1. Listed residues Gly51, Gly58; which is in contact with a Phe, Trp or Tyr (Cβ under 7 Å, 6 or more places away or on another chain), more than 10 Å from the ligand (Cβ to nearest atom) and without any contact (Cβ under 8 Å) to a residue 40 or more places away in the chain?
2. List the number of the failed condition for Ala20; all other conditions in (1) more than 13 Å from the ligand (Cβ to nearest atom); (2) more than 29 Å from Gly157 (Cβ to Cβ) hold.
3. Which members of region 182-209 meet the condition of being among the small types (Gly, Ala, Ser) and either crowded, with 17+ Cβ neighbours inside 10 Å or under 20 Å from Leu52 (Cβ atoms) (or both)?
4. Test Trp25 against the stated conditions and say whether it is part of a loop (DSSP other than H, G, I, E, B) and modelled with pLDDT of 95 or more.
5. Only residues that are touching a residue at least 40 places away in the same chain (Cβ under 8 Å) and surrounded by fewer than 24 Cβ atoms within 10 Å (Cβ to Cβ): list them for region 106-122, please.
6. Restricting attention to strands (runs of 3 or more DSSP E) lying wholly within region 124-216, give those where 2 or more residues are within 17 Å of the chain's Cα centre (by Cα) and on the phi < 0 side of the Ramachandran plot.
7. Select from region 39-68 the residues that are in a loop (DSSP other than H, G, I, E, B) and in contact with a Pro (Cβ under 8 Å, 6 or more places away or on another chain) and list them in ascending order.
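The values are calculated or read from the model by the stated rules, or taken from the named source; none is laboratory data. Since we're looking at a predicted model, the values are computed, not measured. Note: ideal-geometry Cβ built from the backbone for every residue, glycine included; neighbour counts use all protein chains shown. The area values use the complete protein model at the heavy-atom level, side chains included, leaving out ligands, DNA and RNA. Shrake-Rupley method; radii C 1.70, N 1.55, O 1.52, S 1.80 Å.
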Amino acid sequence: MTRPSGMPGRDCPRCPRLVAFRKAWREREPDWFNAPVDSFGSPDARLLIVGLAPGLRGANRTGRPFTGDYAGDLLYATLKDFGFARGDYRASADDGLELVDCRITNAVRCVPPENKPMPAEIATCRDFLAATVKEMPQLAAVLALGRIAHETFVVAGGGRRSQYPFGHGRTHALGALTLFDSYHCSRYNTNTGVLTPKMFRDVIGQARKALDAAKA
Ligand code: SF4
C-alpha cells in the first residue's frame, strides 16, 4: 500500500463502521460535509493542535475542525487571545478566520457514532496523522486535546504510551518536539468542571511562551 498523504480522500474506505455512519448521514443530511475533515491551517505552522474526531453537528457538518459546536467557541476564542488566530469566528468554514503559526487536525478524521472512535479506527487513521506531522517542516510544539489524541500522537511518532503518560498541564519532550497535554475542550468537560476556561488558557499560554522563547 502506498503511504497516505496527510489528507484522506472523501470516500476513504478504511474504517467500515465509520464509512457506514458517514453514508447514513449523507443520506439524512445531504447538505452537510459528511466526509473526512482536513486539517485547518498552514503546514508551515510551528504549533499543531490534535483533537479527537469531528463532532457530528460540528466539523462533520461544516467541514472544518472544531467549527460549529461548543468546543470551537472555547478553542478559537482562546487561540485568538494568544495570537494563534485572527478574524471573527462565526462557526462556519467560510467565516474568514485564519490561524497564525498554528494548525488543527483530529486523531480520527471521520465522525464516529456518539463521538467515540474504536481503538482499531484510531490506529487506522493514525497513518494520516503521521503523514500530517511529516508534512510540517517547522513543527515545534503539539497540543493534544485529551488522552486519545495524546496517545495516538505518541505512537505515531514511534514512542510508547507508558513512557509519556497523559496528564492535563503536562509537557513532554519527544525528540525535537514539545508535547503539551490538555483535557479536551468539549462542552461535557467544561460543563462538569473537568476543564475550566482558565485551565485551558494556562495550557495554550504555555505553548505560546515556549514558541516565543524558541523564536527569541
Ligand atoms: S477515520 Fe480515517 S482511516 Fe478511517 S475511514 Fe475515516 S479517514 Fe479513513
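1. Values: Gly51 fails: without any contact (Cβ under 8 Å) to a residue 40 or more places away in the chain.
The unique qualifying residue is Gly58.
2. (1)
3. Start the filter on region 182-209 by keeping residues that are among the small types (Gly, Ala, Ser), which leaves 182, 186, 193, 205, 207.
If the condition is that a residue be among the small types (Gly, Ala, Ser) and either crowded, with 17+ Cβ neighbours inside 10 Å or under 20 Å from Leu52 (Cβ atoms) (or both), then Ser182, Ser186, Gly193, Ala207 are the ones that fit.
4. On the way: part of a loop (DSSP other than H, G, I, E, B): no; modelled with pLDDT of 95 or more: yes.
No; evaluated as a whole, the condition is false for this residue.
5. First pass over region 106-122, keeping only residues touching a residue at least 40 places away in the same chain (Cβ under 8 Å): 106-113, 115, 117-118, 120-121.
Within region 106-122, Pro112, Pro113, Asn115, Met118, Ala120, Glu121 meet the criteria.
6. Working: elements: 141-145, 171-174, 177-182.
The qualifying strands (runs of 3 or more DSSP E) are 141-145, 177-182.
7. Here is the first cut: in region 39-68, the residues in a loop (DSSP other than H, G, I, E, B) are 39, 41-46, 52-58, 63-68.
Selection gives Ser39, Pro43, Asp44, Leu52, Ala53, Pro54, Pro65.
Residue by residue, here is whether (1) over 15 Å from Pro112 (Cα atoms); (2) among the aromatic types (Phe, Trp, Tyr); (3) touching a helix residue (DSSP H, G or I) at 6+ places or on another chain (Cβ under 9 Å) holds:
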site: Pro16; (1), (2), (3): no, no, no
site: Ala45; (1), (2), (3): yes, no, no
site: Ile49; (1), (2), (3): yes, no, yes
site: Pro54; (1), (2), (3): no, no, yes
site: Ala59; (1), (2), (3): no, no, yes
site: Pro65; (1), (2), (3): no, no, yes
site: Gly72; (1), (2), (3): yes, no, yes
site: Phe84; (1), (2), (3): yes, yes, yes
